[in-house]
Amino acid sequence: MSEKPKKEIPGYVKYINGGLAGMLGTCIVQPLDLVKTRMQISATTGEYKSSIDCITKVLKSEGVLAFYNGLSAGLMRQATYTTARMGFYQMEVDAYSNAYKDKPPVWASMGMGIMAGAVGALVGNPAEVALIRMMSDNRLPPAERRNYKNVADAFIRIVKDEGVTALWRGCLPTVGRAMVVNMVQLASYSQLKNYFSQYVSGLGLHISAAMMSGLLTTIASMPLDMAKTRIQNQKTAEYKGTMDVLVKVVKNEGFFSLWKGFVPYLCRLGPHTVFAFIFLEQLTKGYKKYVLGDTSESNI
């Protein structure tokens, strides 16, 4: 008898699972994202001496709930950016595995990560702009605050006051950052998971691979993330582009200022990488088990 063909997860389910995993991770790490953003924006003013100083000042002057400023935009970002990149990457991996009957090598995983990052960044840039502005708003003088009520209000007012193209402000550094992030994050996770599978399995495998992936991604992507943040938050044409930001930061603030806010960025990106991949693995595993009747390991 011929073997029954293996059931595949539908493409739309991969996108849904990717977005849900990112949104669940964001709910956990949103406060760390706010601290990272505040430190990157205020690097030139010296408003915050350290991550702890930033946390203390936000708590004292704005209250606990301020750490969740921009949460609606953060969730929208995951619903767009992460849905697109995770879903696209999973489909790329499955296509490669089906074509070559093997898991993709490092170079293929990196190429897939670059393409997935570019697609996700283009889709998610409007939410990224709203998120940066909403998280930084309370540190501005009252007269200069934008006071967006939520992400929908941010979209409407940005289009009305600045034009629809403003939603894609900082798109090039966002795409550049996303390509680097996904090249390192998605490729390293896939490769590390394959390597660590010799020594550990199940949840421990997912956590160990995701933690290492988060560290590597933080180191590689932070200068581009800082450039993206400053461009998207600027009200005047202070910076012409990504390279202009990087050059001015190195000249005026020092080389290591490119990693300003490294600890909160690592504390944000690291756990988010871990949580997002764990949620994605469990969502994928659950769908395969309960819908498709398949108990094999995922190809993420």
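Looking at V106, V164 in this structure, which one is among the hydrophobic types (A, V, I, L, M, F, W, C), out of contact with any Lys or Arg (no Cβ under 9 Å at 6 or more places or on another chain), surrounded by fewer than 15 Cβ atoms within 10 Å (Cβ to Cβ) and touching a residue at least 12 places away in the same chain (Cβ under 8 Å)? Among V106, V164, only V106 is among the hydrophobic types (A, V, I, L, M, F, W, C), out of contact with any Lys or Arg (no Cβ under 9 Å at 6 or more places or on another chain), surrounded by fewer than 15 Cβ atoms within 10 Å (Cβ to Cβ) and touching a residue at least 12 places away in the same chain (Cβ under 8 Å). Has the range 62-72 got any residue that is modelled with pLDDT of 85 or more, closer than 24 Å to T165 by Cβ and outside any loop (DSSP other than H, G, I, E, B)? Checked the range 62-72: at least one residue is modelled with pLDDT of 85 or more, closer than 24 Å to T165 by Cβ and outside any loop (DSSP other than H, G, I, E, B). Within the range 246-300, the set of residues being aromatic (F, W, Y) and touching a residue at least 12 places away in the same chain (Cβ under 8 Å) comprises W259, F262, Y265, F275, F277, F279, Y287. Within the range 30-70, the set of residues being over 22 Å from F275 (Cα atoms) and of a type in the set (D, E) comprises E47, D53, E62. Tallying residues that are assigned to a loop (DSSP other than H, G, I, E, B) and surrounded by fewer than 21 Cβ atoms within 10 Å (Cβ to Cβ) within the range 44-60 yields 6. Taking T82, is it over 22 Å from the mean Cα position of the chain (by Cα) and in a helix (DSSP H, G or I)? Considered against the rule, which asks whether it is over 22 Å from the mean Cα position of the chain (by Cα) and in a helix (DSSP H, G or I), T82 comes out as no.
Just one of the listed residues (Q78, Q90) is farther than 14 Å from S136 by Cβ, at pLDDT below 90 and in contact with a Gly (Cβ under 9 Å, 6 or more places away or on another chain), and it is Q90. Residues that are among the acidic types (D, E) and more than 17 Å from L32 (Cβ to Cβ): does the range 49-58 have at least one? No, every residue in the range 49-58 fails to be among the acidic types (D, E) and more than 17 Å from L32 (Cβ to Cβ). Looking across R177, R146, one residue alone is charged (D, E, K, R), part of a helix (DSSP H, G or I) and touching a helix residue (DSSP H, G or I) at 6+ places or on another chain (Cβ under 7 Å). It is R177. Among the residues of the range 167-196, those that are in contact (Cβ under 8 Å) with a residue 60 or more places away in the chain and over 19 Å from the mean Cα position of the chain (by Cα) comprise Q191, K193, N194. Residue count for the range 179-218, restricted to those that are among the hydrophobic types (A, V, I, L, M, F, W, C), closer than 19 Å to P271 by Cβ and either buried (at least 21 other Cβ atoms within 10 Å of the Cβ) or in contact with a strand residue (DSSP E or B) (Cβ under 9 Å, 6 or more places away or on another chain) (or both): 5. Go through the residues of the range 94-114 one by one and say whether even a single one is of a type in the set (D, E, K, R), more than 29 Å from K57 (Cα to Cα) and assigned to a helix (DSSP H, G or I). Checking the range 94-114: at least one residue is of a type in the set (D, E, K, R), more than 29 Å from K57 (Cα to Cα) and assigned to a helix (DSSP H, G or I). Picking from residues in the range 219-230 that are surrounded by fewer than 24 Cβ atoms within 10 Å (Cβ to Cβ), among the hydrophobic types (A, V, I, L, M, F, W, C) and farther than 22 Å from A108 by Cβ, the one that is farthest from the chain's Cα centre (by Cα) is I219.
The values are calculated or read from the model by the stated rules, or taken from the named source; none is laboratory data. Predicted model, so just to flag it, every value in this text is computed and none were measured. Positions of Cβ are generated from backbone atoms using ideal geometry, with glycine treated the same way; all protein chains shown enter the neighbour counts.
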